[in-house]
Amino acid sequence: VYPKLILSSDMFVPPKNESEPLRFDWMTLAYACGMNQASAKRVITDLVDALVSALKGKDAATTSPKFVMHFATRFSFIIQRGGARAMAAFDSLLEPNASPVELIKSLCSLGSTAEEKAMAQASPEKTVVTRVSTLMLPPTSQDTEEVDSMVERAYSIIPYLIPAYEQPFSQPQMESLVKRISQVIPPLSVWQSGQLSVSLPFLSAVLSQGTYTLQNQTTENRVLVSLHSMVPYLTDCAMNSDFDARARSAAASCLFYLIARFQDPDAADCLSRGALSDIIMPSIVVSAENLSAASNETAEKAMVDLCESLDLAGLLGTAAACRGKSSSKIADLVASFLIKLSCDGTAQVPFVNDMTMVDISGGNEAIMHFAASSAFGSMISTEDGGPFWRQRLVHMALRHLRQASNGLDTKSMLSAASLTPTEIGCLLTACFVIASSGATSLGEESLNALADRIMLDFCRIYAEGSETNETIISLGCQMYSVKEMVLAAVVK
């Protein structure tokens with residue numbers, strides 16, 4: 001019966017309408033996976049082998065995008081409905097046969113000639129020769145187009161495969177995956193950049209399942225050392241605007257999980273410190289300087305670079321908070337920096353030796369305050385920072401909000417034409433504090449003061465609806481986000 005089931009499940013049947021019945025052959029295979037481990041191993045092995053063959057083009061009859069997507073959909077359906085035994089069977093598949101890592105490699109298939117070139121450049125062991133024909137030349141437009149096409153095809157399939165990787169991998173599987181990523185990071189060619197773009201979502205999915213525990217201490221140290229050595233390269237990848245946006249997001253997720261969950265709890269130092277001090281904070285300083293000196297043509301790029309750097313700083317600060325212990329101080333420094341930047345427009349840069357200051361008064365200052373407060377909001381919204389993490393953030397934010405509110409005249413504020421950028425930053429910071437905290441933790445006095453300030457600024461925002469004020473117009477769609485945040489705080 002089994003060969004007939006597999007043959008039937010291989011057949012592509014285009015759906016006639018939305019009410020098309022489910023594939024009962026797929027459902028039967030999924031049910032078989034739940035019966036016993038041997039059945040699950042046989043089914044999953046055949047499914048992965050068929051998908052790898054289709055991706056690599058071994059069978060001309062099944063290499064069309066239609067059949068590749070069909071095999072990916074079938075695999076996703078069965079792996080998710082086959083239960084724990086199906087997931088365990090997938091984890092037990094090892095190279096050189098069809099395996100989780102071999103499936104990732106097959107997604108990077110580029111055709112015979114291009115594939116040979118990519119494999120040669122990605123190989124960790126290269127033989128040094130003196131022939132001119134072996135020198136690595138700059139990528140041509142054809143190379144770039146082939147890699148872009150491969151990445152787009154891979155990302156159309158990746159959502160179907162990711163559920164199989166959302167599990168704690170076994171020791172040999174994790175070692176094989178880390179070895180695969182290590183071969184292409186940092187990328188030294190356009191081919192390796194494409195392979196890294198495809199591989200990062202899978203690493204993120206595996207890391208998201210919590211702290212990885214290995215039985216073999218030697219292997220564990222080797223894997224963790226390799227993972228930790230990727231942190232600066234993952235940071236560069238997450239900040240590189242030339243990299244695929246989806247890969248940048250996956251790189252940022254990998255950074256978060258590595259910092260929050262894959263460090264020795266008793267270690268004195270934290271992986272986030274090096275990334276912040278060597279890459280992210282210097283990037284914030286440079287982006288702010290570029291923004292203040294930018295022309296109309298270059299201002300938008302400088303603003304985007306600064307906003308993305310602030311977001312990544314908030315993400316690493318959140319990861320440090322989730323790790324706790326010695327990393328808590330790092331999280332506090334990042335949070336304080338973002339609060340000052342949001343409420344005051346200027347702040348001293350942490351993790352650097354000199355007294356470097358960042359000023360966001362250049363360009364569209366209102367959006368910069370919005371970006372800084374949003375980065376702070378991502379930190380205070382985290383759920384895994386420990387019992388006292390949010391209390392410390394609230395205390396820091398309230399202190400800065402009180403300082404910013406000292407001496408303000410309500411009548412003069414209501415008569416003002418619009419909110420200033422610093423007022424927008426203070427308003428959003430107050431909204432994040434309200435939305436992420438309970439009334440008892442804030443106290444009645446602080447809660448009333450925040451509510452008064454929020455309602456005052458909200459009335460001013462709506463009063464500006466018919467005015468052509470440059471500050472409001474320049475915010476564009478961001479203004480709607482301000483209103484949504486205020487409404488959320490009022491409801492809370």
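The values are calculated or read from the model by the stated rules, or taken from the named source; none is laboratory data. Note that this is a predicted model, so its numbers are computed, not measured. Every residue, glycine as well, gets a Cβ built from its backbone with ideal geometry; the counts of neighbours run over all protein chains shown. For the accessible areas, the whole protein counts, side chains as well, though only heavy atoms, and no ligand, DNA or RNA atoms are used. Shrake-Rupley method; radii C 1.70, N 1.55, O 1.52, S 1.80 Å.
So what is the accessible area of segment 298-341 per residue, in Å², with the probe set to 1.4 Å?
Computed with neighbouring chains in place, this is 32 Å² per residue.
For segment 285-341, the square roots a ≥ b ≥ c of the C-alpha gyration tensor eigenvalues yield an a/c of 1.5 or more together with a/b exceeding b/c, which makes the shape prolate. Binning the alpha carbon pair distances of segment 181-291 at 5 angstrom intervals from zero yields the distribution 2, 11, 20, 23, 20, 13, 7, 3, 1, 0, 0, expressed in whole percent.
Between residue 31 and residue 420, the modelled labels are 7.1 nm apart [label points 7 Å from Cα along Cα→Cβ].
For segment 233-247, 3J(HN,Hα) computed residue by residue from phi via the Karplus equation (6.51, -1.76, 1.60; θ = phi - 60°) reads 6, 5, 5, 4, 5, 5, 9, 7, 5, 7, 7, 4, 4, 5, 5 Hz, glycine and proline entered as x. Subtracting the Cα-Cα distance of residue 402 and residue 445 from their residue separation scaled by 0.36 nm leaves 14.3 nm.
Once the Kirkwood radius over Cα pairs is known for segment 230-304, the Stokes-Einstein relation at 4 °C and 1.567 mPa s delivers a diffusion coefficient of 94 µm²/s. Reducing segment 146-169 and segment 220-243 to their Cα centroids gives an inter-centroid distance of 19 Å. Please report how far the C-alpha centroid of segment 176-213 lies from that of segment 32-93, rounded to the nearest whole angstrom. Measuring centre to centre over Cα atoms gives 22 Å. Based on the Cβ-Cβ distance of residue 359 and residue 483, what FRET efficiency does E = 1/(1 + (r/R0)^6) give at R0 = 30 Å, to the nearest 0.05? So, using R0 = 30 Å, E works out to roughly 0.65. Decide, for segment 337-381, between rounded, prolate and oblate: order the square roots of the alpha carbon gyration tensor eigenvalues as a ≥ b ≥ c, take rounded if a/c falls under 1.5, and otherwise choose prolate if a/b is larger than b/c, else oblate. Oblate shape, in that a/c is at least 1.5 and b/c is the bigger or equal ratio.
Taking Rh as the Kirkwood radius computed over C-alpha pairs, what is the Stokes-Einstein D of segment 262-391 at 20 °C in a medium of viscosity 1.002 mPa s, expressed in µm² per second? The diffusion coefficient I find is 145 µm²/s.
Using a ≥ b ≥ c from the Cα gyration tensor of segment 316-392 (square roots of the eigenvalues), is it rounded, prolate or oblate, where a/c under 1.5 gives rounded and otherwise the larger of a/b and b/c decides, a/b for prolate? In terms of gyration-tensor shape, oblate.
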